[in-house]
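Have a look at the structure below before the remarks.
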Amino acid sequence: MGDLGKDSESIAKAAPLLRRAPHHIAKPLHDFKAASHDLSALGALGALMSATDDVREGMETLSELAKDLVGEWHDEAKLMTDLSEAFDVLDLMIEAATRGEKQG
């Protein structure tokens, strides 16, 4: 297998892992979003209660950014899959050309 074949195989293995990455953050992200509505848990830090709107807004912003990141991961995984397939085709074309040169 040529270098492109090895690169293609490596990328093809990585793409599904990247697609599964959001599953690993789903529960923590859900818990994080839920916590943004229960800021009374700050308890002993009651002095911060006046900042709850700012804290809530920050947490919601972080949640949205995480959602955007998941979308980027999906796009990156698709690109990696496409690139892997292109490397496979290119590797086959190089092999065919090499065989053609040897025969000719």
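Numbers at a glance
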item: Residue match in segment 54-65 (condition: of a type in the set (A, V, I, L, M), open to solvent by 80 Å² or more (accessible area, probe 1.4 Å) and at pLDDT 80 or above); result: yes
item: Verdict on residue 93 being modelled with pLDDT of 90 or more, at negative phi and in contact with a Leu (Cβ under 9 Å, 6 or more places away or on another chain); result: no
item: Residue within segment 39-53 that is aliphatic (A, V, I, L, M) and at pLDDT 80 or above present; result: no
item: Subset of segment 17-31 [over 10 Å from residue 70 (Cα atoms) and open to solvent by less than 50 Å² (accessible area, probe 1.4 Å)]; result: 29
item: Pair list, Cβ under 8 Å, 6 or more apart: segment 70-90 residue open to solvent by 50 Å² or more (accessible area, probe 1.4 Å), other residue assigned to a helix (DSSP H, G or I) and among the aromatic types (Phe, Trp, Tyr); result: none
item: Residues satisfying the stated conditions in segment 91-101, i.e. over 19 Å from residue 9 (Cα atoms) and surrounded by 14 or more Cβ atoms within 10 Å (Cβ to Cβ); result: none
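The values are calculated or read from the model by the stated rules, or taken from the named source; none is laboratory data. Model, not experiment: these values are computed from the prediction. So basically every Cβ, Gly included, is an ideal-geometry build from the backbone, and we count neighbours across all protein chains shown. Areas reflect the complete protein model, heavy atoms only, side chains present, ligands, DNA and RNA absent. Shrake-Rupley method; radii C 1.70, N 1.55, O 1.52, S 1.80 Å.
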